[in-house]
1. Name the single residue that is farthest from Thr218 (Cα to Cα) among those in the stretch 79-132 being outside any helix (DSSP H, G or I) and of a type in the set (Asp, Glu).
2. For the stretch 181-202, state whether one or more residues are surrounded by fewer than 19 Cβ atoms within 10 Å (Cβ to Cβ), in contact with a Leu (Cβ under 8 Å, 6 or more places away or on another chain) and modelled with pLDDT of 55 or more.
3. Determine, yes or no, whether Ser42 is open to solvent by less than 30 Å² (accessible area, probe 1.4 Å) and modelled with pLDDT under 95.
4. Output the helices (runs of 4 or more DSSP H) that fall wholly within the stretch 230-348 and possess 3 or more residues being surrounded by 17 or more Cβ atoms within 10 Å (Cβ to Cβ) and under 19 Å from the mean Cα position of the chain (by Cα), or say none.
5. Could you tell me how many of the residues in the stretch 287-333 are of a type in the set (Gly, Ala, Ser) and touching a strand residue (DSSP E or B) at 6+ places or on another chain (Cβ under 8 Å)?
6. Sort through Tyr347, Tyr303 and tell me the only one that's modelled with pLDDT of 95 or more and either in contact with a helix residue (DSSP H, G or I) (Cβ under 8 Å, 6 or more places away or on another chain) or among the charged types (D, E, K, R) (or both).
7. At positive phi and in a loop (DSSP other than H, G, I, E, B) - does that describe any residue in the stretch 147-166?
8. Specify which of the listed residues (Leu96, Leu110) is touching a Gly at 6+ places or on another chain (Cβ under 6 Å), open to solvent by less than 30 Å² (accessible area, probe 1.4 Å) and either in contact (Cβ under 8 Å) with a residue 24 or more places away in the chain or of a type outside the set (Lys, Arg) (or both).
Amino acid sequence: MGDNLYTSSFKDIVLFIIKVLIFIACIVPVIYYVGIKYSAASTENKINGYNQSRWEEFYSLPENSVNMVFLGSSHSYCTFDPLIIDEGLGTSSYQLGMPLQHLDSTYYTLKEVLNYQQPKDVVLEVYWDMLDDDFELTQAGYLFQVLKNKALEKEYIKDVFPLSEKVKYNVNIFRYQADYYAYRNTKLKERLENRYGVFTPAKAKQEGVEKYRSRGYTYCNYNMLPDEFDKTNQFKNSDGKEWTASSAQIKYLNNIIKLCNEKNIRLTFVTAPVANVSLDYIKNYDIIHDFVQKIADDNDIKYLDYNIVNKDKTLFAAENFRDDAHLNHSGVEAADQYFIKWYKDTYN
């Protein structure tokens, strides 16, 4: 009787192992195939194309030919046009803002910059929504797609990535998932509109152009869509009282401050403007501003918050924004002329 039970149990184990192996044999090719499709979508994403152009141009620059660098998220490259800045300040500046960039990626971007250039000024765009996440995989991937320095990439992964994210990053189906859905979702909307006449927010086509121009800057003359004034505005129900900065991101903000001090680089904080209607939606914005201001004051850093300026002076109008959070080129011109005067008054 015992032998029969043992034999039956052994057969069950063998059968289970066989099923597991069959499952793995079936699922691995699927994961591999889907991962390839997701990876390919990243090359179709035009934002990634802008990043590629931005970094290819940066790597082609003569060494030590840049004396001012703009860093941060998309709010940086949608606010500062090096051609305008250089004309007004007599600088040789470059724009290295990237989509969704958090302070951990910004720190490693700065480290790479210093391998090629010796800037006297770093203008760091500090956007509060990039300060409240402990880690964000997609934005790290954006940097790695253009970073030539593989040793620096390995250091970033080793020191910054949580263990679970290290696993994700090595599997394309997870690594490129955001790129895939961002691209395919746009195509799905277009297909619905063209074939069935279905209305979606994308139906209100934005007239104008968006293109990578030069010195890291992306030119755009779109105007904010009507829905973004109300229905789809991302800042509805935002409250500064509910906002909390991530200790992980503050750590890398402090690392940036320390690195700039070590290299005798003048660091300036800037918070780019969100659309006027968006700022109206945000309750207790002053709490967010005061948090960044205290870090600046504690480290003797000058801080320009365009949202505070816009509240006081109405520097921007709705037509100066491409969406509810980013300037179009008309807004960039206004922002940069203000920055030039502010910079001269602050440092001269």
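The values are calculated or read from the model by the stated rules, or taken from the named source; none is laboratory data. Here the structure is a predicted model, which means the values were calculated and not measured. FYI the Cβ positions are ideal-geometry reconstructions off the backbone, even for glycines, and counts take in every protein chain you see. To get the accessible areas, we keep the full protein, side chains included, count just its heavy atoms, and leave off ligands, DNA and RNA. Shrake-Rupley method; radii C 1.70, N 1.55, O 1.52, S 1.80 Å.
1. Filtering first and then ranking leaves Asp132.
2. no
3. Against the criterion (open to solvent by less than 30 Å² (accessible area, probe 1.4 Å) and modelled with pLDDT under 95), Ser42 qualifies.
4. Helices (runs of 4 or more DSSP H) meeting the threshold: 247-262.
5. Counting residues in the stretch 287-333 that are of a type in the set (Gly, Ala, Ser) and touching a strand residue (DSSP E or B) at 6+ places or on another chain (Cβ under 8 Å) gives 2.
6. None of the others qualify; the one that does is Tyr303.
7. No, the conditions are met nowhere in the stretch 147-166.
8. Leu96
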